[in-house]
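Written out below as C-alpha cells is the structure these notes cover.
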Amino acid sequence: MKIGIVMGSDSDLAVMKKAAAVLDEFGLDYEMVIASAHRTPAEVKAFVERLEAEGAVAFVAGAGAAAHLPGVIASFTTLPVIGVPLNATALKGMDALLAIVQMPSGMPVATMAVDGAKNAALLAVQIAATADAKLRDAYKAYRADMAAKVIEKNKKLQE
Ligand code: RP5
C-alpha cells in the first residue's frame, strides 16, 4: 500500500514535506515527486499510472497559483485525490483553493485548507486504514493522544 505525493514546483516542497512527515510517522509507504500539470504533463500522467500499477491507494497533490494539478491527476485515475492549495502568489492561496475546490460534477477532489498538507496526509492515512486494521488502530491512538493533550491543557488552565 502506497501514497503518491505530487507537487507542481520545488517551491512547494517546504509545505508538502509536512505530508511526508505524517506518512513517515505512520510508517505508510509513499513516493514524492515534483511534476507540473502545465510544465510537465506527460510526467504527471506517467507517475500516476505507475503508482496505480504499484498499488497506490490515494494521491496527495499540492499546487499554487492556477492549481490544476489535483484535477489533472483525478483525470488519470479513479483513486481518491486529495488537493492541497498552496499559498504561492499575491492572492495568498485563494487562487489555488478556488481552482482545486471547484471541480466539475463527476470529478471529485478532496480539497484541504490552504497549505493544509498535514491534514491531506492524515486523510490519506484514513483512506489506507479502511483496508488495514493496524493502521486504523494507529490512527485511533493518534486521535486519543491529541484529545489527551487538549484535556491536559484545559486542566492546567483550570488550576
Ligand atoms: C504552481 O505554481 C506550483 O505548484 C507553485 O505553487 C507555483 C509557482 O511555481 P514556481 O514558479 O515557483 O515554480 O504551478
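Conditions (1) of a type in the set (D, E, K, R); (2) within 27 Å of Tyr139 (Cα to Cα); (3) in contact (Cβ under 8 Å) with a residue 60 or more places away in the chain; (4) away from the ligand (no atom under 16 Å from the Cβ), marked per residue:
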{"site": "Ala58", "(1), (2), (3), (4)": "no, yes, yes, yes"}
{"site": "Ala67", "(1), (2), (3), (4)": "no, no, no, no"}
{"site": "Ala96", "(1), (2), (3), (4)": "no, no, no, no"}
{"site": "Ala99", "(1), (2), (3), (4)": "no, no, no, no"}
{"site": "Gln102", "(1), (2), (3), (4)": "no, no, no, yes"}
{"site": "Ser105", "(1), (2), (3), (4)": "no, no, no, yes"}
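Here is a yes/no grid of residues against (1) more than 20 Å from the chain's Cα centre (by Cα); (2) polar (S, T, N, Q):
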| site | (1), (2) |
| --- | --- |
| Ala96 | no, no |
| Thr111 | no, yes |
| Ala117 | no, no |
| Ala128 | no, no |
| Asp132 | no, no |
| Tyr142 | no, no |
| Lys155 | yes, no |
Could you tell me how many of the residues in the range 39-59 are buried (at least 22 other Cβ atoms within 10 Å of the Cβ) and assigned to a helix (DSSP H, G or I)? 3
When the residues of the range 9-38 are narrowed to those that are within 16 Å of the ligand (Cβ to nearest atom) and of a type outside the set (A, V, I, L, M), which ends up surrounded by the fewest Cβ atoms within 10 Å (Cβ to Cβ)? Asp10
Could you figure out which of (1) touching a Lys or Arg at 6+ places or on another chain (Cβ under 7 Å); (2) farther than 30 Å from Ala66 by Cα isn't true of Lys118? (2)
Go through (1) free of Cβ contacts under 8 Å to residues at least 40 places away in the same chain; (2) within 24 Å of Arg143 (Cβ to Cβ); (3) not in a helix (DSSP H, G or I) and name the single condition Asp24 misses. (3)
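Laboratory data are not the source of any read-out in this text; all were calculated from the coordinates shown. Since the model is a prediction, treat every value here as computed from it, not as a measurement. All Cβ positions, even for glycine, are placed from backbone atoms using ideal geometry, and neighbour counts span all protein chains on display.
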